[in-house]
Amino acid sequence: MTDAWPGALVVGGGVAGAAAAIRLRLLGRPVLLWERERLAHHKICGEFLSAEGVVHAQALGIDPDALGAVPIRAARLVAAGGEVTRRLGFEARSLTRHALDAALLARAAALGADVRRGVQARGIGEDGTILSTHGDVRAPAVLLATGKHNLRGLPRETAGTIDHLVGFKTYVRLAPAQRAELSGHTELILFRGGYAGLQMVERDMANLCFLVSRERHAACNGRFDALVADLAAEVPHLARRLEAAVPLLDRPLAIGGVPYGYLFKAGRDPPFLWRLGDQAAVIPSFTGMGMSLALHGAALAVRALLAGDGTAAYARALARDAAGPVRRATLLQQLVGEERPRQGRLLALARALPQILPLAVSATRLRMKAVRRAAGTG
Ligand SMILES: Cc1cc2nc3c(=O)[nH]c(=O)nc-3n(C[C@H](O)[C@H](O)[C@H](O)COP(=O)(O)OP(=O)(O)OC[C@H]3O[C@@H](n4cnc5c(N)ncnc54)[C@H](O)[C@@H]3O)c2cc1C
């Protein structure tokens, strides 16, 4: 049997889905949200929340600092030949997705969204009904926020994206001296076949997240510990950081086939379907902008939805703000890529020209003016 829901059906309770639910509830609209996981959970993410994401979170009534976020003020680029450290030019935060996503969903529920955990959407019926493990629903607006997971019948058009990397994330307890050196920094560590991000999060844990080519992963027989040992053997900096480190997760989280550089186009989906978050745009992970983009897109989508503007207007608004950063970040990833000589040249350039890193950082971000406008705070 199919139920008719009079408001928005949000599928997926990550940052994008929860943010959209909060915004809709703040404007008094009925919201039904399905999140397939029963409980708050870890997610694969470097957990760098850029200043733009902080503005969006605060506009939703979430204070990252109250959740234990730690400040990040500088970036350290590490590659063959050494390292270089530069101030970011803004204050970012580092916060586990476990804490952030749970707070966002709790806020949506507190505002009156009907949040149903443990409900998994299974696909879309011919008449637009959304099928789930707990019954099917028809709604005038469906906000698809399932992140990397495509819903059956609604694939993303990802031709031409960079999708050959395998991602991993784990937490480690670093030795005190390493923790002190890392504090306040996000480290981008380049190696043959990919890169790693390392930074402190709350409760004195360090987030180690990396993307590596399938070939290099396969060469380590697909074993995480062998891969980490292999990377540490190549990059002395990583070996030093991880010396005496204690793993905090039983198993790392893993992901494959993320379509970096993807930006959705309206017109291919049914008119009631709004793609949010990674379903709408995927910016290379080294930028630490995925969450900000997801929060930003959710704000733009809700505005277009309530104004009756349609998904084409939303797609245009998202492209206006996000196409530049996504394109430049994807180009940078292609240029510097996974080859050590190119990575070494980037490091040399960043050393010789102090403005290069801040320029690259700024070129791959949303403009703060656009963020404040979308967040409703500027
Ligand atoms: C290796 C890596 C490192 C990254 N590092 C950073 C970083 O440092 N900073 C940053 O800002 N971004 C980073 N990102 C990007 C960021 O994680 C994503 O852009 C962001 O999570 C997108 O949010 P979302 O809400 O679209 O998806 P998600 O956060 O993935 O949420 C999707 C939700 O939908 C639920 N779901 C999925 N399918 C269904 C279904 N069928 N039915 C019901 N529920 C469903 C899932 O359980 C999940 O809770 C990184 C990504 C990767 C892969």
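Things to note:
- Put simply, of Gly123, Gly147, Gly89 the only residue that is within 10 Å of the ligand (Cβ to nearest atom) and either assigned to a strand (DSSP E or B) or aromatic (Phe, Trp, Tyr) (or both) is Gly123.
- Count - residues of the stretch 275-292 that are charged (D, E, K, R) and either near the ligand (Cβ under 6 Å from one of its atoms) or surrounded by fewer than 24 Cβ atoms within 10 Å (Cβ to Cβ) (or both): 1
- Scope the stretch 1-32; condition within 14 Å of the ligand (Cβ to nearest atom) and either farther than 21 Å from Gly53 by Cα or in contact with a strand residue (DSSP E or B) (Cβ under 6 Å, 6 or more places away or on another chain) (or both); matching residues: Leu9, Val10, Val11, Gly13, Gly17, Ala20, Ala21, Leu32
Here's the yes/no breakdown for (1) open to solvent by less than 20 Å² (accessible area, probe 1.4 Å); (2) hydrophobic (A, V, I, L, M, F, W, C); (3) touching a His at 6+ places or on another chain (Cβ under 6 Å); (4) part of a helix (DSSP H, G or I):
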{"residue": "Ala294", "(1), (2), (3), (4)": "yes, yes, no, yes"}
{"residue": "Arg303", "(1), (2), (3), (4)": "no, no, no, yes"}
{"residue": "Leu306", "(1), (2), (3), (4)": "no, yes, no, yes"}
{"residue": "Val326", "(1), (2), (3), (4)": "yes, yes, no, yes"}
{"residue": "Val361", "(1), (2), (3), (4)": "no, yes, no, yes"}
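- Filter result for Asp65 (surrounded by fewer than 24 Cβ atoms within 10 Å (Cβ to Cβ), more than 11 Å from the ligand (Cβ to nearest atom) and outside any strand (DSSP E or B)): yes
- Taking the criterion of being within 28 Å of Leu95 (Cβ to Cβ), out of contact with any Gly (no Cβ under 8 Å at 6 or more places or on another chain) and either among the aliphatic types (A, V, I, L, M) or open to solvent by 20 Å² or more (accessible area, probe 1.4 Å) (or both), the residues of the stretch 179-199 that qualify are Arg179, Ala180, Glu181, Leu182, Ser183, Gly184, His185, Leu190, Tyr195, Ala196, Leu198.
- Matching residues, the stretch 22-55, being open to solvent by less than 40 Å² (accessible area, probe 1.4 Å), part of a helix (DSSP H, G or I) and farther than 27 Å from Pro71 by Cα: Leu24
The values are calculated or read from the model by the stated rules, or taken from the named source; none is laboratory data. What you are looking at is a predicted structure, and each value in this text was computed from that prediction instead of being measured. For neighbour counting, all protein chains shown are included, and Cβ atoms are generated from backbone atoms with ideal geometry for every residue, glycine included. Calculation scope for accessible area: heavy atoms of the full protein, side chains included, ligands and nucleic acids excluded. Shrake-Rupley method; radii C 1.70, N 1.55, O 1.52, S 1.80 Å.
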